[in-house]
Amino acid sequence: MTRVLQVLSAARVWTLKDGTEHPTGFWAEEFVVPHQLFIQAGWDVTVATPGGKQPVVDELSLGFRGGVLPSRAKKLRAELDQLAPVLRSPADLSEMDPDDFDVVFYSGGHGPMEDLAVDEVSGALLTKRLHSGRPLALLCHAPAASLAAENPDGSWPFAGYAMTGLSNAEERINPFAWKAKWLLEDRLKQAGAHYTAGLPLKSKVVVDRNVYTGQNPGSSAALTRRIIADVSGKE
């Protein structure tokens, strides 16, 4: 059976440059949609977080301010309720070997900006996965996790890769983002990625070698379906 490691942030706040802590977590659609599509494909999914801590959903991702209509929010909440047992007992990321999985998939939300972006365990896992040549996906804010990756010589292993992720234009739709310590688009460019973005809030998927990235929550389904198609086509 095809195995997927789906990684979520365990952060509950996003610390802004003025020191305030904005409530955060994982983005509902970015967890639920990929998880459902993998399960529907008959794949086995292991959900993991730093330290095996229970992740929390960002309530912004379940409301109109997060661009989610009431009918969609109701459906997402129901799906999260069904997945509650999975979220209550995630695996510890430090105990995961990426070589044991056919796909490694990082879901987003502002959470990765707080914890995964500086998590050495996650960084080492991503470096190993990247060099393995096997599928690695980073959705929306999840490319922030790649910033913790490092080659033995100190260089950034993702340098030169074409990537996307939430754009500055999309980030600044939310007023509190103007107080962010840094924005994902800026950091990816500074680190050496070939960053591109499509129209705000429109689905965009970028694939470069074994790295799959999706720009925003609306890219969740397209990114996941692309991986399923590519992996299934090689089986």
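The values are calculated or read from the model by the stated rules, or taken from the named source; none is laboratory data. Just so it is clear, the model here is predicted, and its values are computed rather than measured. Glycine also receives a Cβ, built like all others from the backbone with ideal geometry; neighbour counts cover every protein chain displayed. Accessible surface is based on the protein model in full, side chains and every heavy atom, while ligands, DNA and RNA are left aside. Shrake-Rupley method; radii C 1.70, N 1.55, O 1.52, S 1.80 Å.
On inspection, N210 fails the criterion of being farther than 30 Å from Q40 by Cα and not basic (K, R).
Scanning segment 97-116 for residues that are farther than 19 Å from H141 by Cβ and assigned to a loop (DSSP other than H, G, I, E, B) returns D97, F101, D102. The single condition among (1) over 17 Å from the mean Cα position of the chain (by Cα); (2) outside any helix (DSSP H, G or I); (3) closer than 22 Å to P23 by Cβ that E79 does not satisfy is (2). Of the numbered criteria (1) surrounded by fewer than 24 Cβ atoms within 10 Å (Cβ to Cβ); (2) not in a helix (DSSP H, G or I), the one G218 fails is (2). Here is a list of conditions, (1) among the hydroxyl-bearing types (S, T, Y); (2) part of a loop (DSSP other than H, G, I, E, B); (3) within 26 Å of F38 (Cβ to Cβ), and S94 meets all of them except one; can you say which number that is? It fails just one condition, (2). Condition first: part of a strand (DSSP E or B), touching a residue at least 60 places away in the same chain (Cβ under 8 Å) and either open to solvent by less than 30 Å² (accessible area, probe 1.4 Å) or farther than 14 Å from A117 by Cβ (or both). Can you find one or more residues in segment 198-211 that meet it? Yes: one or more hits. When residues in segment 3-13 are screened for being open to solvent by less than 10 Å² (accessible area, probe 1.4 Å) and not aliphatic (A, V, I, L, M), 2 of them pass. Pairs linking a residue in segment 144-159 that is open to solvent by 10 Å² or more (accessible area, probe 1.4 Å) to a residue that is of a type in the set (D, E) and in a helix (DSSP H, G or I), with Cβ atoms under 8 Å and 6 or more positions apart or on different chains, are A148/E120. With respect to the conditions (1) in contact with a Pro (Cβ under 8 Å, 6 or more places away or on another chain); (2) assigned to a helix (DSSP H, G or I), E150 falls short on a single one, namely (2).
Please go through segment 188-235 and pick out each residue that is of a type in the set (A, V, I, L, M, F, W, C) and farther than 21 Å from L147 by Cα.
Filtering segment 188-235 down to residues of a type in the set (A, V, I, L, M, F, W, C) leaves 188, 191, 193, 197, 199, 201, 205-207, 211, 221-223, 227-229, 231.
L199, L201, A221, A222, I227, I228, A229, V231 - these are the residues of segment 188-235 that are of a type in the set (A, V, I, L, M, F, W, C) and farther than 21 Å from L147 by Cα.
So, in segment 16-48, of the ones that are of a type in the set (D, E, K, R) and more than 16 Å from V231 (Cβ to Cβ), which residue ends up surrounded by the fewest Cβ atoms within 10 Å (Cβ to Cβ)? Going through the qualifying residues, I end up with D18.
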